[in-house]
1. Output the qualifying pairs, or none if there are none: Cβ atoms under 7 angstrom, residues six or more apart or on different chains, first residue in segment 48-62 and among the aromatic types (Phe, Trp, Tyr), second residue surrounded by 14 or more Cβ atoms within 10 Å (Cβ to Cβ).
2. Suppose we filter Lys99, Lys86 for residues that are closer than 18 Å to Thr57 by Cβ and not hydrophobic (A, V, I, L, M, F, W, C); which single one remains?
3. Checking the conditions here, which among Asn84, Asn58, Asn96 is within 24 Å of Val113 (Cβ to Cβ), surrounded by 15 or more Cβ atoms within 10 Å (Cβ to Cβ) and of a type outside the set (A, V, I, L, M, F, W, C)?
4. Looking only at residues in segment 61-73 that are more than 25 Å from Gln3 (Cα to Cα) and either assigned to a strand (DSSP E or B) or of a type in the set (Lys, Arg) (or both), which one is least open to solvent (accessible area, probe 1.4 Å)?
5. Restricting attention to segment 100-115, which residues are out of contact with any Gly (no Cβ under 8 Å at 6 or more places or on another chain), open to solvent by 60 Å² or more (accessible area, probe 1.4 Å) and in a strand (DSSP E or B)?
6. Of Ser21, Ser76, which residue is touching a Gly at 6+ places or on another chain (Cβ under 6 Å), open to solvent by 10 Å² or more (accessible area, probe 1.4 Å), under 18 Å from Ser7 (Cβ atoms) and not aliphatic (A, V, I, L, M)?
7. Has segment 8-17 got at least one residue that is open to solvent by 30 Å² or more (accessible area, probe 1.4 Å), at pLDDT 95 or above, of a type in the set (S, T, N, Q) and over 13 Å from Val111 (Cα atoms)?
Amino acid sequence: QVQLVESGGGLVQPGGSLRLSCAASGIIFSIYAMGWYRQAPGKQRELVAAITSGGSTNYADFVKGRFTISRDNAKSTVYLQMNNLKPEDTAVYYCNARKFATDHWGQGTQVTVSS
């Protein structure tokens, strides 16, 4: 049984930072590409950042220079360090594990950026 469990969301002021974590189980973590997506109310889910099994990263333009994705294969965990957060970053953030045509999703963690 595949499980992706996100943590680290919460309420933060504009300009603040959060680090999201996603702990995976039930998969051979090291061979999966991992990603973070987000979905704001009334909007479609969108890619935030992704990291391949080899460690190559890809970022959406709206987070470049502010967010950093990383992975720890020994802990089967992927992270998203979010700095200089803006109100428009408010969304539910989802962890994704992808191998070939198979996608696994976490339950999501809420990030709210507000003063």
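The values are calculated or read from the model by the stated rules, or taken from the named source; none is laboratory data. Because the structure is predicted, anything quoted here is derived from the model rather than measured. Quick reminder, even Gly has a Cβ in these numbers, built from the backbone with ideal geometry, and neighbours come from all protein chains shown. Heavy atoms of the whole protein, side chains included, go into the accessibility calculation; ligands, DNA and RNA do not. Shrake-Rupley method; radii C 1.70, N 1.55, O 1.52, S 1.80 Å.
1. If the second residue must be surrounded by 14 or more Cβ atoms within 10 Å (Cβ to Cβ), the pairs left are Tyr59/Ala49; Tyr59/Phe67.
2. Exactly one of Lys99, Lys86 is closer than 18 Å to Thr57 by Cβ and not hydrophobic (A, V, I, L, M, F, W, C), namely Lys99.
3. Of the residues listed, the single one that is within 24 Å of Val113 (Cβ to Cβ), surrounded by 15 or more Cβ atoms within 10 Å (Cβ to Cβ) and of a type outside the set (A, V, I, L, M, F, W, C) is Asn96.
4. In the first step, residues of segment 61-73 are kept if they are more than 25 Å from Gln3 (Cα to Cα); the result is 61-66.
Then keep just the ones that are either assigned to a strand (DSSP E or B) or of a type in the set (Lys, Arg) (or both); that gives 64, 66.
On the way: Lys64: 118, Arg66: 24 Å².
Filtering first and then ranking leaves Arg66.
5. Result: Thr102, Asp103, Trp105.
6. Numbers: Ser76 fails: touching a Gly at 6+ places or on another chain (Cβ under 6 Å).
Exactly one of Ser21, Ser76 is touching a Gly at 6+ places or on another chain (Cβ under 6 Å), open to solvent by 10 Å² or more (accessible area, probe 1.4 Å), under 18 Å from Ser7 (Cβ atoms) and not aliphatic (A, V, I, L, M), namely Ser21.
7. Let us first name the residues in segment 8-17 that are open to solvent by 30 Å² or more (accessible area, probe 1.4 Å), namely 8-9, 11, 13-15, 17.
Within this subset, residues satisfying the condition of being at pLDDT 95 or above are 8-9, 11, 13-15, 17.
Then drop every residue that is not of a type in the set (S, T, N, Q), which leaves 13, 17.
Subsequent filtering for residues that are over 13 Å from Val111 (Cα atoms) retains none.
No, segment 8-17 contains no residue that is open to solvent by 30 Å² or more (accessible area, probe 1.4 Å), at pLDDT 95 or above, of a type in the set (S, T, N, Q) and over 13 Å from Val111 (Cα atoms).
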